Amino acid sequence: MSGLPFYVTTPIYYVNDLPHLGHAYTTIACDALARYKRMRGYDVIFLTGTDEHGQKIERKAVAEGHSPKEYVDRITAAFRDLWGELDISNDHFIRTTDAEHVRAVQQVFQKLYDAGDIYLGSYEGWYCTPCEAFFPEAQLKEGNCPDCGRPVERLQEQSYFFRLSKYGEPLLRYIEANPGFIQPASRRHEMVNFIKGGLEDLCVSRTTFKWGIPVPFAPGHVVYVWLDALTNYLTAIGYVDDPERFERYWPADVHVVGKEIVRFHSVIWPAVLMSLGLPLPKCVFGHGWWTVEGEKMSKSKGNVIKPKEYADEFGVDALRYFVLREAPFGQDADFSRMSFIYRVNADLANDLGNLLSRTTAMINKFAGGVIPAAGEWTDLDRAIPELAGETIEKAAGAFDRLDFQEGMAQVFRLVGAANKYVDEAAPWLLARTDEGRRRLGTVLYNLAESLRIATVALSPVLTRKAAEIWTQLGLDGEPSDAGWDATRWGGLAPGIRVRRGEPVFPRFDTKAEVASVSAGKPADRPADEPAPPESDLIGIEDFARVDLRVATILEAKRVSGSDKLVKIQVDLGQERRQIVAGIARHYSPEELVGKQVVVVANLKPATLRGEVSNGMLLAASTAKDPKELSVLTLDRPIASGSKVK
C-alpha cells in the first residue's frame, strides 16, 4: 500500500434494464479518472456495481416469469460483461444482494434508529415506482413524477421515517463552507434552492413488497431502496468487517453521478452520514445527459445508443474518446453517428494517427529508423518543448477537476502544434544540405518526443491504442506504467529504433456513411422552392470543414473611422478572440454585449481598417432588402465554445 488514498465511485446502476450509453458514460469517466490518479501515484479504489432491490425489480421479474434473484443475476452479468469490453479497471464490483452489503445496511439502519433519527409512522403520499421515490404533492409536475414525468400512485402504509428535516440547516452550512462539495456550480445552486424550499422526513421502509433488505427489528418491513443503495459506498471499503481499510479510504474523494440523482447524493446521503457521525464525501459531481440528434433516448423511439455496438464497429478507444471529448463533462451532450465519425476521423486519424505515421516514416527515411539525438536548435524548435510543458500542466489540472474535454483538448494542442511543426520545419528540405542536417535530428527528436508525451497523457482514455503508438515509437511496456512523470520533456532516449506499423487509427468512410444514412430519403423542401443546381451542392465533408462555434460577446466598440464596422471581443470557451463585423448600422455596441452568437472559428484572420478579425460573425439578411440584418443568436444559453452542427 503506497501513495495517498483516492476513492472514486460510479452510482450503482439499477438493474431494471440492460446497460446503455448513459451507464457507459459515467463509468468510462470514472475509469479515466482512476487510471490518471494511479499514474499520479495515488492508491486508488474505483468502485462500481449494481442496485438490485425494490418494487420495480420485483414487478419486472414477475412479469418476465423469473424470480427477482434470477432476473438481477442476468442483468448484472450484462453490466459486468460490458465493463470488461470497455476496459473498465474497477477495483471492486458491488451488488446490493451481497451478504456483506445486507449486513452493512442493517447496521446503518439500526444506528440511525438508535440515534433517534428513525421513527415509526404512517405514510400516505405519491410514489413513483420507476424512480423508487416518494414526492409531496407540491413537487409533482402536472400530477406526474417531477424527475421522470411518469404517472405516480397513491400509497398508504406503515413505514419508518428518517428525520431528514432535521438536517436542512446543517447541510446549508456545510455546502456554504465547502463550495466544491457539489459540482458543477449549477448543480450546487439547484440543491441549495431545493434545501431552502424545506426538507420533509423521508420514508425509509416499505411493507407492500418483499424484494429488499429486511429491517433488523421490524418483521415485514424492508429498507427503502435508496437508503439501501447509498450504503454501498460504505460497504465496499470495509464498513462492517475491515475498520482499518474503511478508515483509510473514507470519505470518498468523488461520487460521480448523473444529474438526475444529485439530490439523493448531495442531500439525503450527507444527512444520513451526519446522523452516523461520519465525514461527508469530498465531492459529488453531477454530469449531464446524452440526447440523440436532439431527442431524448428512449426505447419507444428506437434511438437508444448501445455502447457495445459502437465499440465493436469503431473500437473501444474511439468510443471512450468521443464520449469524454465531445462536450464538457458537467453539461448535456448530443450523440449522432456522423458527429462520432467526424470526431474520430479528425482527432484520432487525421491528427494523432497522421502525426505518428509521418514521424516514424521520416525517422526511417532520414535517420535509418533510429530516433536521433537533438542537434542545433532554432526558436521554432524550442517552442515545442515549451508548449509540451504548458499543455501537460493544463491537462493535468483539467483531469483533476473532471474536465476531461479540456484535458484532452490541451493534449491535442500539442499534437496539432507538432503537425504544424512538420510543415514549418520541413525535414525533407533539411535533409538536403549539410547545414540542414545539423538541425534535422532536433526536429525528428522533437516530433517523436511530442508523440511520446501525448501518448502518456492520453493513456487513461486510449487504453488500447496508446500502447500501439508506444510500440511503434520503439518503446517497451505500457505508457500508463511509465506514470504521469513520464510526461516531462526529455524522457525519450536517442538511439531507440522505431517499429513503424499499420495506421493506428484508420479513417472511416464518411461519404459511404452519408450515402447510407440518406439513401432513399429526399430532403424536405417547400413545393415552391426549387432545388439548387447540382453544381451548387456541397458534400457533408465540405460543410464539416467549417468550424462553427458558440461565442459570448464580452465587449463591443465601433471601429474608428468606419460607420459600418464594430470590433467585438468574444469568449470561445478556451480562448478570447477579436472579430470585426459590419453590423454597426444595425446594432449599437451596448446591445451586443452579453449576446451568444455563432461564429466561424477556423476562418483565416483578416485586417479591416487596421483591426485584426480572427473569425466571422454569422448574420442573416434578405435578398429584397439587404439593409435588413439580424445576427444569429441562440434561443437558450449554452457553454461558450460549443460546436454548432
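Observations on the model:
- Test: residue in the range 589-602 that is part of a loop (DSSP other than H, G, I, E, B) and either of a type in the set (Lys, Arg) or more than 30 Å from Ala409 (Cα to Cα) (or both): yes
- Single unsatisfied condition, Tyr239 versus (1) surrounded by fewer than 23 Cβ atoms within 10 Å (Cβ to Cβ); (2) in contact (Cβ under 8 Å) with a residue 60 or more places away in the chain: (1)
- Answer from Lys69, Lys56 - the residue that is within 30 Å of Tyr224 (Cβ to Cβ) and touching a Pro at 6+ places or on another chain (Cβ under 8 Å): Lys56
- The condition (being under 26 Å from Ala383 (Cα atoms), free of Cβ contacts under 8 Å to residues at least 24 places away in the same chain and not assigned by TED's automatic domain parsing to the domain that holds Glu85) is satisfied by just one residue among Gly474, Gly436: Gly436.
- Only one entry of Lys111, Lys141 meets the criterion of being assigned by TED's automatic domain parsing to the domain that holds Gly49, touching a helix residue (DSSP H, G or I) at 6+ places or on another chain (Cβ under 7 Å) and not polar (S, T, N, Q), and that entry is Lys111.
- Selection from the range 467-513 of residues that are in contact with a Leu (Cβ under 7 Å, 6 or more places away or on another chain) and part of a helix (DSSP H, G or I): Ile469, Gln472
- Candidate set from the range 114-151 (those that are part of a loop (DSSP other than H, G, I, E, B) and closer than 24 Å to Phe217 by Cβ); member that is modelled with the lowest pLDDT: Glu132
- Residues in the range 588-604 that are buried (at least 19 other Cβ atoms within 10 Å of the Cβ) and either among the small types (Gly, Ala, Ser) or within 8 Å of Val566 (Cβ to Cβ) (or both): Leu592, Ala601.
- Residue in the range 321-329 that is assigned to a loop (DSSP other than H, G, I, E, B), of a type in the set (Phe, Trp, Tyr), at pLDDT below 95 and under 15 Å from the mean Cα position of the chain (by Cα) present: yes
- Of residues in the range 432-450 being part of a helix (DSSP H, G or I) and among the charged types (D, E, K, R), the one surrounded by the most Cβ atoms within 10 Å (Cβ to Cβ): Glu449
- Near pairs, Cβ below 7 angstrom, 6+ apart or cross-chain, from the range 201-221 (part of a loop (DSSP other than H, G, I, E, B)) to any residue that is of a type in the set (Asp, Glu): Thr207/Glu157; Thr208/Glu157; Phe209/Glu58; Trp211/Glu58; Gly212/Asp228; Ile213/Asp228
- Flag for Glu169 being of a type outside the set (A, V, I, L, M, F, W, C) and surrounded by fewer than 14 Cβ atoms within 10 Å (Cβ to Cβ): yes
- Among residues of the range 188-200, those that are closer than 27 Å to Gly54 by Cα and in contact (Cβ under 8 Å) with a residue 60 or more places away in the chain, counted: 5
- A residue that is among the β-branched types (Val, Ile, Thr), modelled with pLDDT of 95 or more and more than 24 Å from Asp87 (Cα to Cα) can be found somewhere in the range 436-459.
- The selection criterion, being modelled with pLDDT of 95 or more and in contact with a Pro (Cβ under 7 Å, 6 or more places away or on another chain), does not hold for Thr463.
Conditions (1) within 19 Å of Trp83 (Cβ to Cβ); (2) surrounded by fewer than 20 Cβ atoms within 10 Å (Cβ to Cβ), marked per residue:
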| site | (1), (2) |
| --- | --- |
| His265 | no, no |
| Leu273 | no, no |
| Ile305 | yes, no |
| Ala311 | yes, yes |
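- Some residue of the range 488-510 being surrounded by 11 or more Cβ atoms within 10 Å (Cβ to Cβ), over 30 Å from Leu603 (Cα atoms), acidic (Asp, Glu) and modelled with pLDDT of 85 or more: no
- If you filter the range 384-412 down to residues that are without any contact (Cβ under 8 Å) to a residue 12 or more places away in the chain and more than 15 Å from Pro460 (Cβ to Cβ), you find that the one that is surrounded by the fewest Cβ atoms within 10 Å (Cβ to Cβ) is Glu386.
- Trp226 satisfies every condition listed in (1) modelled with pLDDT of 95 or more; (2) crowded, with 19+ Cβ neighbours inside 10 Å except (1).
- Considering residues of the range 330-378 that are of a type in the set (S, T, N, Q) and more than 20 Å from the chain's Cα centre (by Cα) only, the residue surrounded by the most Cβ atoms within 10 Å (Cβ to Cβ): Thr359
- Within the set Ile371, Ile469, the sole residue that is within 25 Å of Gly501 (Cα to Cα) and either in the same structural domain as Tyr25 (by TED's automatic domain parsing) or in contact with a strand residue (DSSP E or B) (Cβ under 9 Å, 6 or more places away or on another chain) (or both) turns out to be Ile371.
- Comparison of Val204, Val215, Val192, Val222 shows that the only residue that is more than 24 Å from Asp98 (Cβ to Cβ) and β-branched (Val, Ile, Thr) is Val192.
- Residues of the range 195-213 satisfying the condition of being surrounded by fewer than 16 Cβ atoms within 10 Å (Cβ to Cβ) and under 30 Å from Leu402 (Cβ atoms): Lys196, Gly197
- Test: residue in the range 22-41 that is modelled with pLDDT under 95 and not assigned by TED's automatic domain parsing to the domain that holds Ser480: yes
- Checklist (1) in a helix (DSSP H, G or I); (2) surrounded by fewer than 22 Cβ atoms within 10 Å (Cβ to Cβ) applied to Leu234, failing item: (2)
- Residue match in the range 92-101 (condition: loosely packed, with under 14 Cβ neighbours inside 10 Å, hydrophobic (A, V, I, L, M, F, W, C) and free of Cβ contacts under 8 Å to residues at least 60 places away in the same chain): yes
- Residue among Asp51, Asp31 that alone is touching a residue at least 24 places away in the same chain (Cβ under 8 Å), acidic (Asp, Glu) and farther than 30 Å from Phe134 by Cα: Asp31
- Residue list for the range 330-360, restricted to those being small (Gly, Ala, Ser) and in a helix (DSSP H, G or I): Ser339, Ala346, Ala349, Gly353, Ser357
The values are calculated or read from the model by the stated rules, or taken from the named source; none is laboratory data. Worth saying up front: this structure is predicted, and the values here are computed from it rather than measured. Don't worry about glycine lacking a Cβ; one is built from the backbone with ideal geometry, like all the others, and counts go over all protein chains shown.
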